[in-house]
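Right, one structure below, let's go through it.
The values are calculated or read from the model by the stated rules, or taken from the named source; none is laboratory data. Worth saying up front: this structure is predicted, and the values here are computed from it rather than measured. We place every Cβ from the backbone using ideal geometry, glycine too, and count neighbours over all the protein chains shown. The area values use the complete protein model at the heavy-atom level, side chains included, leaving out ligands, DNA and RNA. Shrake-Rupley method; radii C 1.70, N 1.55, O 1.52, S 1.80 Å.
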Amino acid sequence: MATDRFQSRRNRLVRKLRKTNADVMLVTYEPNVTYLTGFSGDSSYLLLAKDLAVMVSDSRYTTQIQEECPGLEARIRKTAETILDTALKLARKQKIKKLAVEADTLAVSLWQRLGEQIPLQPTSGLVEELRMVKDADEIAEIRRAIDQAERGFGFLQAGLQDTMTELNVAHDLEHAMRRFGAEKAAFEIIAAVGDRAALPHARPGRRPVSSAEFLLIDWGAHSLGGYKSDLTRMLVTGKILPKLKKLYEVVLKAQEAGIAAIGPGVASRDVDRAARSVIERAGYGKQFGHGLGHGFGLEIHEHPRLSPVTKTRLSPGMVITIEPGIYLPGWGGIRIEDDVLVTRDGCEVLTSLPKQFADSVLR
Ligand code: ZN
Ligand code: ZN
């Protein structure tokens with residue numbers, strides 16, 4: 001990524017900062033620091049104002065900051081100081097009236113220590129609002145993460161054995177994604193056999209694939225550039241249960257209705273409604289207990305959220321998941337998840353794995 005990307009992101013944040021009562025902002029939330037600087041390490045803060053951008057870090061990261069953030073000023077804390085001390089010293093030099101901090105993520109202990117020395121202005125979602133709309137570099141990186149996830153899944157499908165456990169499935173899938181260039185899995189892979197699929201966030205365990213007729217896999221890749229992908233597919237490994245096929249068709253229809261509703265200016269809750277009403281009409285409204293989808297990028301769950309209560313309107317450049325499901329405790333669950341880019345005239349489905357019921361049948 002070119003350095004000027006990060007510069008322009010910081011400029012946009014400075015413009016938003018003007019609308020608060022603060023003149024300087026201390027960015028402490030790691031993904032936000034990464035977004036604004038390109039730095040992929042941890043424990044580092046960014047101090048930002050109109051004519052100021054300084055990374056405050058420790059000596060472990062001197063070289064990495066030089067490599068990842070060329071041209072960005074860095075202040076390495078002295079051994080006897082904490083990063084907060086160093087940041088405070090710098091902030092005071094700016095003769096600031098108020099320091100903006102990230103109220104949603106700043107630890108209470110840091111809040112107290114900072115507040116004793118400088119007047120604070122809590123802010124919420126300033127960087128996250130910028131991150132909702134992806135730029136061309138970010139979309140390219142998300143496409144990479146999707147490609148790694150899809151190739152990995154193809155590899156898993158080709159080698160899937162009845163004797164494999166959920167843990168084996170998750171492990172093989174992560175291994176394959178890494179073989180195709182991913183740094184790691186985007187989150188702990190969900191591989192849920194049979195009735196375990198009724199838990200939307202099932203943790204993989206020792207259940208073998210052979211112990212039921214189907215399994216649900218929810219996975220994604222984390223690309224070397226730090227961006228994620230997020231997909232869900234069902235695999236039918238035993239005899240075809242008519243109930244499974246029937247529910248699958250409902251979920252697929254709901255997902256297609258959700259995708260068809262996506263476009264710039266559309267309220268995210270209306271997209272949720274389009275999909276949810278299909279499931280409700282089939283009589284399973286109560287069995288679809290979560291939101292329809294979410295934004296993702298540097299993190300697996302970002303804004304916008306798509307649910308019956310969210311107020312965000314979609315705009316071009318947002319990348320969201322569409323993942324309706326039906327969950328029947330004790331029997332199993334079905335979810336289908338794809339990644340979608342909102343475009344100027346509608347949307348583009350970025351994921352390309354086939355998803356007709358017949359495509360999920362392995363034998
Ligand atoms: Zn997922
Ligand atoms: Zn998801």
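Scanning the range 93-105 for residues that are without any contact (Cβ under 8 Å) to a residue 60 or more places away in the chain, surrounded by 13 or more Cβ atoms within 10 Å (Cβ to Cβ) and not in a loop (DSSP other than H, G, I, E, B) yields a total of 0.
Taking the listed residues 235, 241, the one that is touching a strand residue (DSSP E or B) at 6+ places or on another chain (Cβ under 6 Å) and farther than 30 Å from residue 37 by Cβ is 235, with no other qualifying.
Quick check, is residue 260 open to solvent by 30 Å² or more (accessible area, probe 1.4 Å), over 30 Å from residue 195 (Cα atoms) and either in a strand (DSSP E or B) or away from ligand 2 (no atom under 15 Å from the Cβ) (or both)? When the stated conditions are applied, residue 260 passes them.
Might you let me know whether the range 215-227 holds any residue that is away from ligand 2 (no atom under 15 Å from the Cβ), within 22 Å of residue 156 (Cα to Cα), assigned by TED's automatic domain parsing to the domain that holds residue 297 and open to solvent by 20 Å² or more (accessible area, probe 1.4 Å)? Yes, because at least one residue in the range 215-227 is away from ligand 2 (no atom under 15 Å from the Cβ), within 22 Å of residue 156 (Cα to Cα), assigned by TED's automatic domain parsing to the domain that holds residue 297 and open to solvent by 20 Å² or more (accessible area, probe 1.4 Å). Taking the criterion of being farther than 22 Å from residue 343 by Cβ, touching a residue at least 24 places away in the same chain (Cβ under 8 Å) and in a helix (DSSP H, G or I), the residues of the range 263-288 that qualify are 276, 278, 279, 287.
A quick yes/no check of all residues on (1) over 22 Å from residue 353 (Cβ atoms); (2) assigned to a strand (DSSP E or B); (3) in contact with a Leu (Cβ under 6 Å, 6 or more places away or on another chain):
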| position | (1), (2), (3) |
| --- | --- |
| 202 | no, no, no |
| 205 | yes, no, no |
| 218 | no, yes, no |
| 232 | no, yes, no |
| 235 | no, yes, yes |
| 238 | no, no, no |
| 245 | no, no, no |
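Look at residue 291 and say whether it is away from ligand 2 (no atom under 14 Å from the Cβ) and part of a loop (DSSP other than H, G, I, E, B). So residue 291 fails the test.
Listed here are the residues, each with its yes/no results for (1) acidic (Asp, Glu); (2) in contact with a helix residue (DSSP H, G or I) (Cβ under 8 Å, 6 or more places away or on another chain); (3) more than 13 Å from ligand 1 (Cβ to nearest atom).
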position	(1), (2), (3)
198	no, no, yes
202	no, yes, no
207	no, yes, yes
216	no, yes, no
237	no, yes, yes
246	no, no, yes
252	no, yes, yes
258	no, yes, yes
263	no, no, yes
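Looking only at the range 305-332, which residues are within 16 Å of ligand 1 (Cβ to nearest atom), assigned to a strand (DSSP E or B) and open to solvent by less than 30 Å² (accessible area, probe 1.4 Å)? Within the range 305-332, 306, 319, 320, 321, 322, 325, 326, 327 qualify.
A single member of 280, 337 is at pLDDT 95 or above, closer than 20 Å to residue 248 by Cα, among the acidic types (Asp, Glu) and open to solvent by less than 20 Å² (accessible area, probe 1.4 Å), and it is 337. In the range 29-72, the qualifying residues are those that are in a helix (DSSP H, G or I) and β-branched (Val, Ile, Thr), and the one that is surrounded by the fewest Cβ atoms within 10 Å (Cβ to Cβ) is 63. Pairing residues of the range 216-228 that are touching a residue at least 60 places away in the same chain (Cβ under 8 Å) and within 13 Å of residue 177 (Cα to Cα) with residues that are open to solvent by less than 10 Å² (accessible area, probe 1.4 Å) and of a type in the set (Asp, Glu), at Cβ distances under 6 Å and at least 6 apart in sequence or on separate chains, gives 220/230. Is there a residue being assigned to a strand (DSSP E or B) and either more than 27 Å from residue 131 (Cβ to Cβ) or touching a residue at least 40 places away in the same chain (Cβ under 8 Å) (or both) anywhere in the range 349-357? Yes: the range 349-357 contains one or more residues that are assigned to a strand (DSSP E or B) and either more than 27 Å from residue 131 (Cβ to Cβ) or touching a residue at least 40 places away in the same chain (Cβ under 8 Å) (or both). In the range 106-123, the residues that are closer than 20 Å to residue 21 by Cβ and open to solvent by 30 Å² or more (accessible area, probe 1.4 Å) reach residues that are of a type in the set (A, V, I, L, M, F, W, C) and part of a helix (DSSP H, G or I) with C-beta atoms within less than 6 angstrom, at least six apart or across chains, in these pairs: 117/88. Every test in (1) open to solvent by less than 50 Å² (accessible area, probe 1.4 Å); (2) away from ligand 1 (no atom under 16 Å from the Cβ); (3) of a type in the set (S, T, N, Q) is passed by residue 287 save one, and that test is (1).
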